[in-house]
1. Select from the range 448-510 those trypsin sites (Lys or Arg not before Pro) which occupy a DSSP coil region and have at most 11 other Cβ atoms within 10 Å, ordered by residue number.
2. Could you tell me which of S425, F343, N409 has its Cα farthest along the dipole of the range 322-431 towards the positive end, charges placed at Cβ (Lys, Arg +1; Asp, Glu -1), taken about the Cα centre?
3. How much FRET efficiency would the formula 1/(1 + (r/R0)^6) give for Q58 and A84, where r is the Cβ-Cβ distance and R0 is 25 Å, rounded to 0.05?
4. Angle check, please: helix 362-375 long axis (alpha carbons) against the longest principal axis of the chain (alpha carbons), in degrees 0 to 90, nearest 10.
5. With +1 on the Cβ of every Lys and Arg and -1 on the Cβ of every Asp and Glu, and nothing else charged, how large is the dipole of the range 541-643 about its Cα centre, in debye rounded to the nearest 20?
6. For the range 92-238, which whole-number percentage of the solvent-accessible area (1.4 Å probe, protein heavy atoms only) is attributable to carbon and sulfur atoms?
7. Excluding Y374 itself, what net charge comes from residues whose Cβ is under 12 Å from its Cβ, given Lys and Arg +1 and Asp and Glu -1?
8. Once you order the gyration tensor axes a ≥ b ≥ c over the Cα atoms, which shape class does the range 1-114 get: rounded for a/c under 1.5, otherwise prolate or oblate by comparing a/b with b/c?
Amino acid sequence: MNSKFYITSPIYYVNDIPHIGHAYTTIIVDTLARFHRLKDKSVFCLTGTDEHGQKIEQSAQKKGQNPKDYVDTIAERFKSLWDAFGINYDYFIRTTDSTHQQSAQYVFLKMYKKGDIYKGEYEGNYCISCESFFAKSQLAGEKSCPDCSKETILLKEESYFFKLSAYTDKLLKFYDENPNFILPKSRRNEVINFVKSGLEDLSITRTSFNWGIKLPKELLENHPSNQKHVMYVWLDALVNYLSALGFHNDLENKMDFWPANYHIVGKDILRFHAIYWIAFLMSLDLPLPKHIAAHGWWTKDGAKMSKSVGNVVNPKEVVDAYGLDAFRYFVLREVPFGQDGDFSQNALIERINADLGNDLGNLLNRLLGMGAKYFNNTLKADLSELKTTYCEELAQIQALLNSLESYMNEVQTHRYLEELWKLFSLGNATIAKKEPWQLIKANKHAEVAQLLLLITNILLKAALFLSPCMPKSANKILKVFGLSANAENFKRFITQGEILDSIILEPTPALFPRIEEKLLQDIKIECTKLEPLEITNPISKEDFTKIDLRIGTIINAEVLPKSEKLLKLQVDLGEARPRQILAGIKAHYTPQDLLGKQVCVLANLKPAKLIGEISEGMLLATSDNEGLSFITPQNKRKNGSKIS
Ligand code: MSP
């Protein structure tokens with residue numbers, strides 16, 4: 001029996017239209033799924049939509065729709081986008097499916113019966129946008145969400161809790177025993193440190209709104225007050241990975257796919273998967289997923305994409321303009337997996353013209369051009385002579401191909417493609433070295449046929465490996481050789497290493513015509529048109545770089561009896577000695593308020609003498625009718641860190 005391979009994307013919130021970030025996650029998932037299908041695995045590829053929670057209830061209200069009608073419309077947009085993008089998913093899950101609700105209720109009851117869920121009262125800060133609870137110590141400033149900076153709300157309500165804290169040691173042991181569980185490995189410490197810093201029990205029900213899954217009926221029967229609880233949206237959402245496999249619900253049971261090989265997620269939701277999800281699964285006594293792979297974020301021209309700024313990149317428009325495979329290649333190749341990447345049309349065009357056009361397209365064109373001109377498309381050579389002449393090249397090709405799988409296993413799609421491209425360079429370099437046009441003049445047709453068969457073998461093997469990333473283009477290349485991307489051919493040409501010694505080429509038009517200029521005016525502003533704003537007193541970037549702004553910690557503060565306004569501060573900027581700064585903030589702060597606080601300092605202000613004391617910098621502050629507030633970094637930073 002073929003071995004099983006289960007891969008999932010996150011399920012997308014339906015309060016948003018699909019954007020490039022969503023497309024990126026889904027394309028990575030689709031690529032890995034295709035790769036494992038090629039390897040003849042039995043694959044289950046899952047995507048879907050996350051449709052409950054306060055955020056979605058509010059979005060529906062804003063549109064004047066009832067939540068179900070609202071989620072039906074948006075879920076359809078995701079589904080039809082993935083269909084248009086040829087995403088080869090096996091199941092599209094929606095958390096409003098009744099089968100999913102059955103699984104979620106089963107999970108709740110099982111964890112409850114195990115003694116991992118108890119009733120209590122939740123009091124704390126909640127970010128509706130991230131659907132996350134935060135302890136006071138985690139907040140940015142007074143009440144802002146540490147993840148998205150939006151204001152959190154103070155919640156006090158009856159709630160069921162999951163005993164997350166009880167899983168601390170088990171979790172740490174699991175990470176320790178499975179060093180490749182979190183990918184890229186560089187993100188591992190972030191999760192371990194979070195767990196080590198102390199896990200609080202997790203509030204897993206809410207009573208202040210309705211749009212969620214009710215508790216299992218066994219918990220409602222004798223406790224009517226439980227009617228008011230709905231499940232916390234993250235518990236509901238994470239269970240999707242099981243419910244899609246028919247876990248205790250009416251769907252066909254496919255639990256033989258469990259545990260998942262990969263949950264692909266964005267870095268912002270790694271914690272939910274690597275900590276909460278694993279603890280839930282431990283509580284359910286289920287095997288744990290093999291990998292959680294977290295990618296970075298896409299920005300647009302260096303800025304975070306957001307609806308309100310109006311800089312959201314619509315992947316459909318990019319694909320309509322530049323082609324699906326070019327887009328897939330770009331997102332998979334451009335950024336090292338795990339790091340953030342910036343989307344720009346120039347970078348995309350550069351990849352299309354250089355990598356796709358010059359390297360790959362050119363090699364194919366040269367083969368087709370010479371094949372038609374010199375051999376009327378029919379190539380033939382003696383296999384053992386071919387192997388002898390190109391012994392070194394064939395060994396290099398094999399070594400390169402052998403290295404590819406491990407990159408895919410680590411979700412390093414950029415490295416995978418980078419290595420794959422070395423095959424095209426090898427092909428182009430061998431043509432340049434052999435100068436077949438001279439060989440033809442010297443009547444050495446057999447040598448040219450051999451060379452073109454080497455190129456044929458390079459292209460067909462490379463196209464098989466390219467097919468998970470660029471399915472359509474790879475199949476166009478393979479069609480030139482009368483082949484297609486499937487497990488049988490993968491076995492024949494890769495696993496068994498067959499080399500073709502004859503072929504009839506079937507010409508195809510150029511795959512990646514050169515792009516001379518941007519095809520989209522500018523990446524379309526999706527939601528709001530930006531009205532020009534009047535900027536008062538504009539300065540250039542160069543002007544700004546003259547200003548040396550730094551983070552420092554106030555290590556001493558004292559009142560100056562001679563001054564009504566000034567406090568004398570000693571601020572540690574990571575220098576040989578603290579800076580003395582006189583700040584006009586006496587009316588707003590006492591020295592005790594300031595001790596230990598981090599502040600932003602203008603560090604290259606010329607020192608000045610005020611009431612006989614030297615001042616060596618300036619504290620940044622803002623004031624409005626509520627008073628004055630100095631500026632402080634969102635998270636603690638090293639003293640002396642530069643602000644840019
Ligand atoms: N519903 C939750 C996931 C639940 S999974 C059990 C959620 N949804 S989301 O729609 O907000 O985000 C889905 C995915 O899109 C996340 O992996 C997130 O990282 C990714 N992206 C959203 N914006 C992104 C970028 N700008 N760039 C790259 N990916 C980002 O979280």
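The values are calculated or read from the model by the stated rules, or taken from the named source; none is laboratory data. As the structure is a prediction and not an experimental result, all values here were calculated from the model. Please note: Cβ atoms are built from the backbone with ideal geometry, for glycine as well, and neighbour counts cover all protein chains shown. Accessible surface is based on the protein model in full, side chains and every heavy atom, while ligands, DNA and RNA are left aside. Shrake-Rupley method; radii C 1.70, N 1.55, O 1.52, S 1.80 Å.
1. Numbers: sites: K461, K472, K476, K479, K491, R492; in loops: none.
Those that pass, being in a loop and sparsely packed, number zero.
2. Final value for the positive-end residue is S425.
3. Details: r = 29 Å, r/R0 = 1.15.
Efficiency, from the Cβ-Cβ distance: 0.30.
4. Roughly 10 degrees between the two axes.
5. Approximately 300 debye in magnitude.
6. Of the solvent-accessible surface of the range 92-238, carbon and sulfur hold 47 percent.
7. Details: positive: R366, K373, K441, K444; negative: E447.
Around Y374, the surrounding residues sum to +3.
8. Verdict is oblate for the range 1-114.
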